[in-house]
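First up is the structure itself, then whatever we jot down about it.
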Amino acid sequence: MKAIKHWFLRGAEGVAAAMLAAMFLTFILQIFSRYILAEPLGWTLELCLTLWIWLVFFGNAFVVRHQEHVTFDVVYLAVSPRVRQVFALIGAVSIIVGLAVSVLPTWDYIDFMKIKKSATLRIPLRTIFSIYAVFLVSVIVYYAIRVVRIVRLGAPEDRAAQHVGDI
């Protein structure tokens, strides 16, 4: 199972890196065409924006880990492990409920966008915005697994503190 998870994470990082590289090359092409050739290419801006949307939501769904997010945890770390467990549960359940409530209205909007296409690339906007639905489902599944782990093993930060010497 760990090998599959490792392979999936490396693959997701590779996809995100490829999107970032494509966005950078498109941006360079945009600068070249605008300032060197004096003929701006309209599709380059749209491709950069589309890649940026995909990079943000794909990256946050599959690449960025929970520990890598910025947190304000002064109070959280000052309380007992049991209270930390309750805080972690409340936080994870709140994220699950908040995102789960938004799934159907979000999908309705994304599905509605199939009637529109992007201006220059002619890609259906449903395709462009569909990554947000993937993001929603991924985060809900991640935090559902997190709830199970918190209930069974305690707050994640407490488990990390127990294994500091293992690093």
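Only the coordinates and a few stated rules stand behind these numbers; no lab work does. Since we're looking at a predicted model, the values are computed, not measured. Neighbour counts run over all protein chains shown; Cβ positions are idealised from the backbone, glycine included.
Its Cα gyration tensor gives segment 68-167 an equivalent ellipsoid; the semi-axes, largest first and in whole Å, are 38, 15, 11. Taking the longest Cα principal axis of the chain as reference, the axis of helix 125-153 is set at about 10 degrees. Listed from fewest to most Cβ neighbours within 10 Å, the set Ser80, Ser118 follows the order Ser80, Ser118.
Under a Cβ-only charge scheme (Lys and Arg +1, Asp and Glu -1), can you give me the dipole magnitude of the chain about the Cα centre, in debye to the nearest 20?
Details: 16 positive and 10 negative charges, 79 e Å.
Using Cβ point charges on Lys, Arg, Asp and Glu, the chain gives about 380 debye.
The angle between the Cα long axis of helix 2-31 and the longest principal axis of the Cα atoms of the chain comes to about 30 degrees, rounded to the nearest 10. Among Leu89, Ile140, Phe72, which residue has its Cα furthest toward the positive end of the charge dipole of segment 68-167, with +1 on Lys/Arg Cβ and -1 on Asp/Glu Cβ? Farthest along the dipole direction, towards plus: Ile140. Counting Lys and Arg as +1 and Asp and Glu as -1 over every other residue whose Cβ lies under 14 Å from the Cβ of Lys116, the net charge comes to +2.
A dipole drawn for the chain from +1 and -1 charges on Cβ atoms has a positive end, and of Ala100, Ala119, Leu47 the residue lying farthest that way is Ala100.
All other residues whose Cβ lies under 15 angstrom from that of Leu125 are scored, Lys and Arg at +1 and Asp and Glu at -1, for a net of +2.
Kindly provide the pair-distance distribution of the chain built from C-alpha pairs, with 5 Å bins from 0 and whole-percent values in order of increasing distance. Whole-percent P(r) values from 0 Å outward: 1, 7, 12, 15, 15, 14, 12, 9, 6, 5, 3, 1, 0. Between amide H atoms placed 1.01 Å from N, distances below 5 Å from Lys117 occur with Leu125, all of them 5 or more places distant or on a separate chain. Compared with the dominant principal axis of the Cα atoms in the chain, helix 42-62 is inclined by about 10°.
Pick from Glu13, Glu46, Glu68 the residue whose mean-square fluctuation is largest in a GNM of the chain, springs joining Cα atoms under 10 Å. Maximum among the listed residues: Glu68.
Between Phe129, Phe57, Phe87, the residue with the greatest mean-square fluctuation in the GNM of the chain (Cα pairs under 10 Å linked by springs) is Phe87.
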